[in-house]
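Please read the structure below before turning to the comments.
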Amino acid sequence: MTAYSFPRISQLRDLKTINLEVNNATRVAVLFTTAGILAILLARDLVIQVLYSDRFMAAVPLFPVQLVGDLMKAVCYAIQLPMLPQERFRARNIMTFAQCAVFAGVFFGVPAGERLWGAVWGHTASWACHLVMLLICPHRVNRFHFSAENLRLLVGSFAAVLAVAVLPFPSMRMRFVGLAIAVVWAATSITRREVERLLEVPRAHAERREQREWLTPWAAPALPRSRS
């Protein structure tokens, strides 16, 4: 989003084109984020063991709540892309303040011994609040709305993440149920064209590398540095 979508949207002035780019960015963000969340939820204990250690296994129950908030966060990042180019600083600051207030209220609202749970619930609640405000503000300013395709993707993605998040863990039978949910989500959410474009990425990278290797012998020799 920062490498392509934000510079692209910053150059646009037509609201219809801006909304189209926001929908494109939202689709990419939701597809990649949901795929990663489902993979982490299905292998949450392995993720802890590989990236951290057994001492952090007590954090595994926090994953479902945290990752639902992360999906909302990804959607928010895509929707708010036009706000800075359009200089909606006041609205952005108000939403950020409200989000921080919600997080602080939830975090400090739980007993001191349960503050880890307060942090993840505050994370999810604050991004849910931010998402609601973003849906109101861009709709009023830019007449933004999700495309029908993206609306189905959002409903399916949140349903899949929530379904896998509430499965009993670490039952192996439930892992297979969660895997089946992930497969159904992928089959119904990712189009054939998107799969083909994704497969073209390593192919194009390999072609560029071969081209660079072929051009290397023909490259001009480096000029000697001046001693002055």
task: Using only the Cα atoms of the chain, each taken as one equal point scatterer with no solvent, compute I(q) by the Debye sum, divide by I(0), and report log10 of the ratio at q = 0.13, 0.14, 0.18 Å⁻¹.
output: -0.92, -1.02, -1.36
- prompt: How about the stretch 52-153: which trypsin sites (Lys or Arg not before Pro) there are in a DSSP loop, with at most 14 other Cβ atoms within 10 Å of their Cβ?
  reply: Arg143
- request: Please determine, in degrees from 0 to 90 and to the nearest 10, the orientation of helix 115-142 with respect to the longest principal axis defined by the Cα atoms of the chain, where the helix direction is its Cα long axis.
  value: 60 degrees
message: Taking the beta-carbon count within 10 Å as an exposure proxy, list Ser5, Ser171, Ser147 from fewest neighbours to most.
response: Ser171, Ser147, Ser5
task: Using only alpha carbons, build the gyration tensor for the stretch 44-97 and give me the equivalent ellipsoid semi-axes, biggest first, whole Å.
output: 35, 11, 9
field: Phi-based couplings in Hz for the stretch 160-173 (Karplus 6.51, -1.76, 1.60; Gly and Pro marked x)
entry: 5, 5, 5, 5, 6, 5, 8, 5, x, 10, x, 4, 5, 5
- prompt: Cα-Cα pairs above 18 Å in the stretch 16-76: how many percent?
  reply: 46 percent
query: What is the sum of charges around Trp127, taking Lys and Arg as +1, Asp and Glu as -1, for the other residues whose C-beta is under 14 Å from the C-beta of Trp127?
result: 0
- prompt: Hey, what do the phi angles of the stretch 18-30 turn into as Karplus ³J(HN,Hα) couplings, whole Hz, using 6.51/-1.76/1.60 and θ = phi - 60°, x for Gly and Pro?
  reply: 4, 5, 5, 5, 5, 5, 5, 5, 5, 5, 4, 5, 5
query: Which net charge results for the neighbourhood of Val28, defined as the other residues with beta-carbon distances under 12 angstrom from its beta-carbon, given Lys and Arg at +1 and Asp and Glu at -1?
result: 0
field: Fewest-first ranking of Phe6, Phe176, using other Cβ atoms within 10 Å as the exposure measure
entry: Phe176, Phe6
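Read-outs: derived from the displayed coordinates by stated rules, not from any lab. Here the structure is a predicted model, which is why all the values come from computation and not from measurement. Using ideal geometry, Cβ is built from the backbone for each residue, glycine included, and neighbour counts are taken over all protein chains shown.
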